[in-house]
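Notes follow once the structure below has been shown.
Nothing in this text is a laboratory measurement; each read-out follows from the coordinates by a stated rule. Given the structure is predicted, the values throughout are model-derived calculations rather than measurements. Because the Cβ atoms are built from the backbone with ideal geometry, glycine has one as well, and the counts that use them run over all protein chains shown.
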Amino acid sequence: MSEQFPLAVVGRSVERFDARDKACGKAVYVADLHFPGMLLARPVRSPHAHARVAAVMVEEALATPGVVAVLTARDVPGSNLVGSRGVRDQPVLAGEKVRFVGEPVALVVAETPAAAESGVARVRVAYEQLPAVFSPEEALAPGAPQLAEGGNLCYHGRIKRGDFQRALREAALVVTNVYRTHLVDHAFLEPHGAVAVPEPDGRVCVWVTAKTVHPLQEEIARVLDCPKERVRVVAAAVGGSFGGKPDIQCACLAALAAAKTGRPVKVVYTREECFQTSTKRHPYVMQYTHAVSGDGRLLGVKVDLVADAGAYTGESRAVVGRGIIHSVGPYYVPNVEVEGRAVFTNNPVSGAMRGYGVPQVVFAHESQMDAVAHELGLDPIELRLRNILRPGLTTITGQAIPEGVGLEASLLRMREILAREASAGCGEELTAWGLGCFHYGNGRTAVEDVGRCRLRQEVDGSFTLFVGVPDVGQGSNTILAQIACEELGVPWGTVRVVSADTAQTLESGPASATRVTVVVGRAVVDVCRRMRELLAGKGGETGPPLEVVAEFRTDATALDENGQGNPYSTYTYGVQAARVRVDRLTGRVRVDRLLAVYDVGRVVNRILFEGQVEGGALTGIGYALHEGVQCSEGRVLNPNFHTYLLPTCPDAPPVLVEVVETTDGVGPFGAKGIGEPATCPTAAAVANGLFRATGVRFRELPLTMEKVYRALRG
Amino acid sequence: MDEVTVRVTVNGEARAVRVPVGMSLLEMLREVLGLTGTKYGCGAGDCGACTVLLDGKPVNSCLVLAAEVDGHVVTTIEGLGKAGLHPVQEAFVRHGAIQCGFCSPGMIMTAVGFLAENPHPSEAEVRAALAGNLCRCTGYAKIVQAVLEASRQLASLEHRRDAIRGGTP
């Protein structure tokens, strides 16, 4: 482990740049934007999960007072198909078919919200309903309607190493179980929205709430059939993303309407629209087989994982790709057979949600580990210590673990903390602690991930750092500025940040994949190092202010046909423990204390770091206990916050957050990311605590009161 | 469409506006008066992002008709701490209780209204008071710490004010 010497700015809990503005209601989100002559646009959405669009009749809507335009697929000048990550299979406005309830079929553009609503009611769409499928099982059955040209299999990935069959023969203990996880929503407080403003020179400026702007610029340009340079995309203040923003259709629709009408156009989704039409966490069905030696060593693991991709590809390939890589957990397993599939259905599109396919597998692999520990009569921490990845060992993709990995230290520290924590139940409550141990690759999976930035010296001696990645609320602008001040050797306050404006920033990838600290942070270190060298070279001479650009590329590699390679340049490791209390009489489960020990290399800003863990852990508790999108035949039955139950303030347990000080040296000053790691192990810890408290193993999320009540009565 | 005149004091200023009868207080604040600090999060009174003070009490402005506030007093986030930050705002900033910031105006207004009624709350009372304000980013931990700190700041300000006026020490 490397020693960590104290730094001047990195490591300090400096106040984040935008805190005061946000506290005063001065931060500007897309819905707050107003431009002279601005129109409002409302989508017309399919009530059917799968149907042919025979005709869209807009005359009556167009005749409605206040309606200025009604757009359909015919009005898209360029490409009507968009998508993230290069797979463009989702229409901006449905042309021939709709594949999910709520898919947009037309857009009504009007002077007022009331006129827009009237217009929407008057658009007549003739649908011919088609047979639909609502689960991967249905979709893969023979004779099932094929949703895409290539069939219903969206993605198939595998990881194979060693000889699992031999491990099975040699095992003293074999544990096989099926785990199921459910549909949950990002539930960011700020709904989707976009405002597109035509500029006098013929360009269009699109204000968005998004985790990325540069790829959106490309998509909009393709839709409008114009050069990229004619489109400017700028992120307004973002009211939370958690992977779920932008809604590409929303941004493209606003741009389309602005191009057609020549006026600014605002599109803002209602909360119901967000629940019905925006992306969700992939439901997984996972079969796990653990082959274990008599002394608790994992000889082999077999995983078969099927994910519901929903109606279009979205980010399913990368989500399930990441899921299978993380599927056995942070353990050394020499023999594995992992298969992962994503399947199209007529459900809402599953997409990127904080954890990106990993919280589901952590629930499964940690439940398996807990079951193994229980069978062998081993302490859960002891079992993990016997199996965790250590320097010199390899992951299931064959990646070698370097020095400076804090997994063992995290577990040992957790053991110390647990030893002094109370666990006794009282009265009608059964109480127990549950553990969830995990790892999370920083950066985009199995590709050379690139971070870029620009640094400009100002005439007053301050600096401006231009970064392509939006601050989605986690405080990335602030920590990147801290890294910059540290590397430049200047006091805090000397560097300001301009982010997420395609006219000013370089493409630097999205705020996702827990990549910003490492991948963009390293680019910031490099650009500041170059600036220092140039400034030293000038030797105090005056001259034009300097401007420097830098790029950082990870050493991640693609995976071969057996899933072998180095998918990430570094990993965050950690363990959470949840104290679960169960009411014997009602089955109600609550978490009244949460412990978290993390190896994030070095913490850049302690308060921001804690905020991520506190927020992520509560999201994980919601995932475990009471959140759930009730989807029936593709329709969301609970599209609001009184029936989709988010954790509220009284639900939040106290969270103790600790870090172990170690680094593998990859991140800026050794720092690694926390955004998604904050939420990955929580549901697993809660499920394991529930087993320890009740003696009943639950293998399906969420762990509702009804399920527990029934199980307690046998 | 039928319209109605609403005479209301907003952030200390007397206003008179003509609005459609069905317009909510939230829409009137954001679209007519240009006060966009108050947010639309759900439109159904579940999330609290639209919280403002109506005669000093926190309400979900998405559930109040603009017409209902005729003759009343409304305070929004823009009306807090006109000379510098209000102690609740200051505490939110200092404790890291703000991440994406979208829930913050509503959360802060609820806290201000609550502390005016209950100046020395326990942690449990603070949590119960904020139960109607949803936050997806912070896990509420630093929000609760901030409100408790603000209660101590406000209490000490009151204490100093009383001492200056010659009240009880």
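Could you tell me whether A:Ala342 is in a strand (DSSP E or B), buried (at least 24 other Cβ atoms within 10 Å of the Cβ) and of a type outside the set (Phe, Trp, Tyr)?
yes
Of all residues in the range A:469-486 being β-branched (Val, Ile, Thr) and more than 14 Å from chain B (Cβ to nearest Cβ), which is nearest to A:Val525 (Cα to Cα)?
A:Ile483
Being away from chain B (no Cβ under 14 Å), closer than 30 Å to A:Glu339 by Cα, in contact with a Phe, Trp or Tyr (Cβ under 8 Å, 6 or more places away or on another chain) and crowded, with 24+ Cβ neighbours inside 10 Å is the requirement here; does A:Ala577 meet it?
In short, yes.
Restricting attention to the range A:556-607, report how many residues are more than 20 Å from A:Gly398 (Cβ to Cβ), of a type outside the set (Ser, Thr, Tyr) and assigned to a loop (DSSP other than H, G, I, E, B).
10
Wholly within the range A:127-224, which helices (runs of 4 or more DSSP H) include no fewer than the required count, namely at least 3 residues that are of a type outside the set (S, T, N, Q), out of contact with any His (no Cβ under 9 Å at 6 or more places or on another chain) and crowded, with 20+ Cβ neighbours inside 10 Å?
Qualifying helices (runs of 4 or more DSSP H): A:214-224.
Mind checking whether some residue in the range A:603-611 is in contact with a strand residue (DSSP E or B) (Cβ under 8 Å, 6 or more places away or on another chain), buried (at least 24 other Cβ atoms within 10 Å of the Cβ) and small (Gly, Ala, Ser)?
Within the range A:603-611 (the criterion being in contact with a strand residue (DSSP E or B) (Cβ under 8 Å, 6 or more places away or on another chain), buried (at least 24 other Cβ atoms within 10 Å of the Cβ) and small (Gly, Ala, Ser)), the answer is no, since none of the residues qualifies.
Which numbered condition in (1) over 19 Å from A:Gly441 (Cβ atoms); (2) within 14 Å of chain B (Cβ to nearest Cβ); (3) among the polar types (S, T, N, Q) is the only one that A:Gln612 fails?
(1)
Report, ordered by the first and then the second residue, all pairs with beta carbons closer than 9 Å, sequence separation of six or more or different chains, a first member in the range B:138-167 that is over 14 Å from B:Arg94 (Cα atoms), and a second member that is surrounded by fewer than 11 Cβ atoms within 10 Å (Cβ to Cβ) and of a type in the set (Lys, Arg).
Short answer, once both residue conditions are applied: B:Gly167/B:Arg161.
Hey, among the residues in the range B:132-164 that are among the charged types (D, E, K, R) and surrounded by 18 or more Cβ atoms within 10 Å (Cβ to Cβ), which one's farthest from the other protein chains (Cβ to nearest Cβ)?
So, considering only residues that are among the charged types (D, E, K, R) and surrounded by 18 or more Cβ atoms within 10 Å (Cβ to Cβ), the one farthest from the other protein chains (Cβ to nearest Cβ) is B:Glu149.
Out of the range A:319-339, which residues are surrounded by fewer than 24 Cβ atoms within 10 Å (Cβ to Cβ) and either hydroxyl-bearing (Ser, Thr, Tyr) or closer than 11 Å to A:Tyr155 by Cα (or both)?
Selection gives A:Gly321, A:Tyr331, A:Tyr332, A:Glu339.
Considering each of A:Ala31, A:Ala63, A:Ala55, A:Ala8 in turn, give the residue that is buried (at least 16 other Cβ atoms within 10 Å of the Cβ) and not acidic (Asp, Glu).
A:Ala31
Spot the failing condition for A:Pro677; the list is (1) away from chain B (no Cβ under 14 Å); (2) more than 30 Å from A:Asn346 (Cα to Cα); (3) assigned to a helix (DSSP H, G or I), and only one is missed.
Single failed check for A:Pro677: (3).
So B:Met109 passes all but one of these: (1) outside any helix (DSSP H, G or I); (2) surrounded by 24 or more Cβ atoms within 10 Å (Cβ to Cβ); (3) more than 8 Å from chain A (Cβ to nearest Cβ). Which condition number does it fail?
Here B:Met109 meets the rest and fails (1).
Based on this model, can you work out whether A:Val223 counts as of a type in the set (Val, Ile, Thr) and either within 14 Å of another protein chain (Cβ to nearest Cβ) or touching a helix residue (DSSP H, G or I) at 6+ places or on another chain (Cβ under 7 Å) (or both)?
yes
So if I check each of A:Ala106, A:Ala41, A:Ala49, A:Ala94, which one is more than 30 Å from A:Pro131 (Cβ to Cβ) and not polar (S, T, N, Q)?
Result: A:Ala41 is the single residue among A:Ala106, A:Ala41, A:Ala49, A:Ala94 that is more than 30 Å from A:Pro131 (Cβ to Cβ) and not polar (S, T, N, Q).
Just checking, which of B:Gly101, B:Gly113, B:Gly71, B:Gly132 is under 22 Å from B:Arg30 (Cα atoms) and in contact with a Pro (Cβ under 6 Å, 6 or more places away or on another chain)?
None of the others qualify; the one that does is B:Gly113.
How many of the residues making up the range A:494-519 are within 17 Å of the chain's Cα centre (by Cα) and outside any loop (DSSP other than H, G, I, E, B)?
Result for the range A:494-519: 4.
How many residues are in a loop (DSSP other than H, G, I, E, B), out of contact with any Ser or Thr (no Cβ under 8 Å at 6 or more places or on another chain), closer than 20 Å to A:Phe188 by Cα and within 14 Å of another protein chain (Cβ to nearest Cβ) if we restrict to the range A:616-669?
Selection size over the range A:616-669: 12.
Can you pull out every residue in the range A:85-100 that is part of a loop (DSSP other than H, G, I, E, B) and surrounded by fewer than 22 Cβ atoms within 10 Å (Cβ to Cβ)?
Result: A:Arg85, A:Gly86, A:Val87, A:Arg88, A:Asp89, A:Gly95, A:Glu96.
Here is a list of conditions, (1) more than 7 Å from every other protein chain (Cβ to nearest Cβ); (2) in a loop (DSSP other than H, G, I, E, B); (3) touching a helix residue (DSSP H, G or I) at 6+ places or on another chain (Cβ under 6 Å), and B:Phe114 meets all of them except one; can you say which number that is?
Of the numbered conditions (1) more than 7 Å from every other protein chain (Cβ to nearest Cβ); (2) in a loop (DSSP other than H, G, I, E, B); (3) touching a helix residue (DSSP H, G or I) at 6+ places or on another chain (Cβ under 6 Å), the odd one out for B:Phe114 is (2).
What number of residues within the range A:194-217 are touching a helix residue (DSSP H, G or I) at 6+ places or on another chain (Cβ under 7 Å) and within 30 Å of A:Pro702 (Cα to Cα)?
Qualifying residue count for the region: 2.
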